[in-house]
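Colleague: One structure, pasted below without further comment.
The values are calculated or read from the model by the stated rules, or taken from the named source; none is laboratory data. Everything numeric here is computed off the predicted structure, so don't read it as measured data. Cβ coordinates were reconstructed from backbone atoms using ideal geometry, including for glycine residues, and neighbour counts include every protein chain displayed. To get the accessible areas, we keep the full protein, side chains included, count just its heavy atoms, and leave off ligands, DNA and RNA. Shrake-Rupley method; radii C 1.70, N 1.55, O 1.52, S 1.80 Å.
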Amino acid sequence: MPNFNKVILMGMVTATPDLRQTPKGTNVTEVNLHLRRKWTNPQGEEKLWSDWVDVTFWGRTAETICQYIQKGRPLFVEGRLSFRAWESQEGQKRSKVDVTAENFQFISPPSEQGGGGQDPEDSIPYFNKVFVMGNLTRDPELRSAGPDRSVTTVAIAVNRNWSDSGGQKQEETAFIDVDFWGNEAEEVCRLYKKGTPLFVEGRLTKQSWDDKTTGEKRSKVCVTGENFRLHEAYGSATGNGPGGHFSSESGDPGPTEPAPEAPHVDPVSQEDEEVPF
């Protein structure tokens, strides 16, 4: 089935990036973007939600970013979700999901937009959108996240094929967690199973929590699903059964911590730590 992996972000750079090199001499840098989202809950109250997402730039693009981007600058990025796995010096398996940039645009700072004393954070047109299509790697399971609140985490395997500079064909797989809440979670668990091809539209969310065993801070980047659709090649694309779609109408972005015992997409744990190059 077709695989699709697209991320579109606009946010504020939280720190001036530093240029590094891989052991093979490739330039690389990471930019941390602060993303904000406003919505109104069912009680009519305006809410504000923040997320922080790492974006990796490679090669000449990394050089350009480090030359012109500083802390506090707004930045528009197009890219894809990447999954990386490695072993720590202690022999423990680690993995990380972040954004690999494929295109970017510099945005005029708020001071150049005639903000008139407005808080710079309030003058940026924040944007946070993710589109992924792949196959579920396991059957979804419904969990409780509080009174009358359900959640499920599905893991989607998204393949990518390309040719390297030497013309050799390459393939990689990104394992991406997608959280669905409330009615969406119930629908996903009722309709879909391992191996199902699924298209998801959502937004990036960074979850943080304390490890129950060690007490250490943990975090991971996942997708909060807002819309989903079964790929039409798998079945009917109409109605409420398999092949149909569901749209989220809830303004609730979910909790800042994952539900208890949230499963991971892979046997390795996901942590927000620097990936060794």
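Colleague: Which numbered condition trips up Ile124, out of (1) under 18 Å from the mean Cα position of the chain (by Cα); (2) of a type in the set (Val, Ile, Thr); (3) closer than 20 Å to Val77 by Cβ?
Modeller: Against the list (1) under 18 Å from the mean Cα position of the chain (by Cα); (2) of a type in the set (Val, Ile, Thr); (3) closer than 20 Å to Val77 by Cβ, Ile124 comes up short only on (1).
Residue-by-condition table, conditions (1) surrounded by fewer than 16 Cβ atoms within 10 Å (Cβ to Cβ); (2) in contact with a helix residue (DSSP H, G or I) (Cβ under 9 Å, 6 or more places away or on another chain):
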residue	(1), (2)
Met12	no, yes
Glu46	yes, no
Cys66	no, no
Val77	no, no
Ser82	no, no
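Colleague: Going through region 27-68 one residue at a time, which ones are within 17 Å of Asp98 (Cβ to Cβ), touching a residue at least 40 places away in the same chain (Cβ under 8 Å) and of a type in the set (Val, Ile, Thr)?
Modeller: The answer is Val28, Val31, Val53, Val55, Thr56, Thr61, Ile65.
Colleague: Give the residue, chosen from Val158, Val151, that is closer than 21 Å to Val53 by Cα, open to solvent by less than 50 Å² (accessible area, probe 1.4 Å) and either among the aromatic types (Phe, Trp, Tyr) or part of a strand (DSSP E or B) (or both).
Modeller: Val158
Colleague: Looking at Gly251, Gly215, Gly182, can you tell me which residue is open to solvent by less than 60 Å² (accessible area, probe 1.4 Å) and at pLDDT below 50?
Modeller: Gly251
Colleague: Taking region 185-212 as the search range and keeping residues that are at pLDDT below 85 and over 21 Å from Ala85 (Cβ atoms), which one is most open to solvent (accessible area, probe 1.4 Å)?
Modeller: The selected residue is Lys212.
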